[in-house]
Structures are given as structure tokens and as C-alpha cells.
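The values are calculated or read from the model by the stated rules, or taken from the named source; none is laboratory data. No experiment lies behind these values; they were computed from the predicted model shown. A quick note on method: Cβ atoms are made from the backbone with ideal geometry, for glycine too, and the neighbour counts reach across all protein chains shown. These accessible areas exclude ligands, DNA and RNA; they are computed on the full protein's heavy atoms, side chains included. Shrake-Rupley method; radii C 1.70, N 1.55, O 1.52, S 1.80 Å.
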Amino acid sequence: MTVLYYPGASRAYDYSSRYEGSEIKPNCGVIHTTEGTSLPSYDQGAEAPNITAVPNFAKKRLEFYQHYAFDRSARALVNRAGGVETNTLNCIQIELVGTCDPENETSWDGETAGEDYIYWPDAPDWALQDLAAFMAWQYKNNNIPLTGPATWLPYPSSYGDTDARLSFAEWNNFQGWCGHAHVPENDHGDPGNINFAKLVTLAKAKVNGSSSSDSGTTGATPQPVPPFPGTSYFGPGKNNSYITLLGKQLVKKGYGKHYASGPGPKWSEADRLNVRDFQRSRAELRGDADGLPGPLTWRLLFS
């Protein structure tokens, strides 16, 4: 079952009501660069990826904006009639705000690389760490392998029909991560020579450092799901250890962004919002994402 939404990603620019897309079962990811310094409009979703990563230089982190669920095709690739499927061939797509063009390696329209925008072939470590965390999450939750092509050509030599561009057959059989520069029927050269080897190393380290309850991939013995205490223990006015247990698991799973000071035994609006975010990420729960845990929410959260 595909996990649909990245924890903590904003859905302020969710375009799914405008473009439903095709249902996919993701087994690969495509990395783009926007060649700009801010979140694009994507023609109101007509050319949007599944998710965009925007650098926050003040906080030294990537902030994510999700446009389509991970079980729906995005729209950022050329997909010609009569050729090979691209957008709809089980790939999730991420756009990285910034550039891969060496003409903008140090400065761009009066702005400075590393301070105002990211030149992705020389991205700061915090940006690579956050992108690697996204790749690790996709591996753990949606089984996208942490592998990819050996060749990531620098822009502009990555543009057009290059030796790195996959054939139709190679693309149809591809699993893992590639760039826009690798996708057939396309001529764009992004993300250039991003340090893919380092990204994979960082992502694998994050997977290997995670508990089995997060990923199910480390080989450790899975921990049993604690018994669900009942709905009466959660909601306004409740105060008990089960709320703390719930909150800690939400944080562990990456759904703790609404906590200001960490989870505690007294039910709060932050608890409700974090539970709601988790429920919205699971297809089984989206129809009843009220922020109050029931038996199924509890089981999925702790499994």
C-alpha cells in the first residue's frame, strides 16, 4: 500500500482537485531542478511534480510542498503520444528549487549561491541531508530502491539526446532514482551533476540508523503493537500515559510538527493535528481523518 503524503509537507498548493492524474504504484523517483529561486506556480498544477523542496536558508532546511499524492501521476515530464509512458510509469517526481546551470554556480541576478539559492551540484550539506531523508523515507515506506544511474552529466552537456538518457526498454524496467536528464522522450538536463553518490550514501545511513518499526528493513525483530486502550482515552480533557505514548510514536514516525515542546499526557490540539496528518497520509484512513485515534489508526501508527 502506497503511503501517500510526506510527513510535514505543506499541502497549501495541492493541485489534485484540478488534475486527478493516473493511479500509479511508485517504484522509481525522478529528480528535477526548477531553475528558479522560489516555489513555481506550475501553471496551477498543469506542470507540477508530486512534491517540491524549497530551501529555507535561515533555518538551514528544505521545506516540502506536496502537489499530488504519491499514488498519482505527476505532470513535470514530457509524455508524447505513441511513445513510452513517462509521467504515468510509476514514478514519483520531486523538484528542487534552485539551479544546476554552472553559469549560476556562484551568483545569479545579484544573488549569492549558498546564501540566496542552491546550486545543486555544490549543494550545502544540510540540503543534501534533507533530500537524502526524503529518499530514505520513500525507500522505507514506498519501496523505491536507493540505486540509480552511474552517470550524472553536468549541465549543459546533460541536455538533449545523451549517452545517459535511458532507452525506452531501460526506462520501462527502471527502478530507483534518476534525473530528468535520464528520462526518455525528454531533453531537459536537470539536475545536472548533483552528487548522487553522496545522496545514496546518506540515505542508506538514515535507513540503517532507523528502527525496524519505522522501516521494516533493518532486520531487527519488530516490536509488537501495544494494545489499543480505547477511544475514551483520547480527546479534549483527557490526561493519561496513552496520550504520551501516542505522541512519542507520532514524533518517531515523522508526524510531530505541531508539537511546540514535545508530546505529553494531556490531550492538546497539537495531538489532534498530528494524528490528522498521519491519517491523511494513509489511504485506509483518509475518509475519517478527524485527528482522533481509533483501532486502525493505532495499529497502522505502531506497525
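Brief remarks follow.
- Test: residue in the stretch 131-154 that is of a type in the set (G, A, S), more than 20 Å from P26 (Cα to Cα) and open to solvent by 20 Å² or more (accessible area, probe 1.4 Å): yes
- Residue within the stretch 16-29 that is open to solvent by 20 Å² or more (accessible area, probe 1.4 Å), farther than 24 Å from A283 by Cα, touching a residue at least 40 places away in the same chain (Cβ under 8 Å) and not hydroxyl-bearing (S, T, Y) present: no
- Residue in the stretch 239-246 that is within 24 Å of the chain's Cα centre (by Cα) and closer than 20 Å to R11 by Cβ present: no
Residue-wise test of (1) within 30 Å of M1 (Cα to Cα); (2) out of contact with any Gly (no Cβ under 8 Å at 6 or more places or on another chain); (3) open to solvent by 50 Å² or more (accessible area, probe 1.4 Å).
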site	(1), (2), (3)
A46	yes, yes, no
H67	yes, no, no
S73	yes, no, no
R80	yes, yes, yes
C91	yes, no, no
S107	no, yes, yes
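- Among (1) at pLDDT 95 or above; (2) within 17 Å of V3 (Cβ to Cβ), the one test that L199 misses: (2)
- Residue pairs whose Cβ atoms lie under 8 Å apart, sitting 6 or more positions apart in sequence or on different chains, and linking a residue in the stretch 240-262 that is on the phi < 0 side of the Ramachandran plot to a partner that is open to solvent by 60 Å² or more (accessible area, probe 1.4 Å) and of a type in the set (A, V, I, L, M, F, W, C), are Y259/V251.
One line per residue, one yes/no per condition, for (1) among the polar types (S, T, N, Q); (2) on the phi < 0 side of the Ramachandran plot:
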| site | (1), (2) |
| --- | --- |
| S22 | yes, yes |
| K25 | no, yes |
| T34 | yes, yes |
| L39 | no, yes |
| G45 | no, no |
| G83 | no, yes |
| T88 | yes, yes |
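- Listed here are the strands (runs of 3 or more DSSP E) enclosed by the stretch 1-112 that have at least 3 residues being in contact with an Asp or Glu (Cβ under 6 Å, 6 or more places away or on another chain): 51-56.
- Here the stretch 208-254 is the region considered, the condition is being basic (K, R) and open to solvent by 60 Å² or more (accessible area, probe 1.4 Å), and the residue that is modelled with the lowest pLDDT is K252.
- Residues that are of a type outside the set (A, V, I, L, M) and within 23 Å of D125 (Cβ to Cβ), drawn from the stretch 179-202: G179, D190, P191, G192, N193, N195, F196, K198, T201
- Scanning the stretch 263-296 for residues that are assigned to a helix (DSSP H, G or I) and either touching a residue at least 60 places away in the same chain (Cβ under 8 Å) or under 25 Å from K206 (Cα atoms) (or both) yields N274, V275, D277, F278, Q279, R280, S281, R286, P295.
- Once the stretch 58-83 is narrowed to residues that are hydrophobic (A, V, I, L, M, F, W, C) and at pLDDT below 95, the residue that is nearest to P26 (Cα to Cα) is A81.
- Sub-8 Å Cβ pairs linking a first residue in the stretch 151-172 that is in a loop (DSSP other than H, G, I, E, B) to a second residue that is open to solvent by 80 Å² or more (accessible area, probe 1.4 Å), at least 6 apart or interchain, are T151/D163; Y159/H188, ordered by first then second residue.
- Y259 open to solvent by 20 Å² or more (accessible area, probe 1.4 Å), modelled with pLDDT of 85 or more and closer than 17 Å to W298 by Cβ: no
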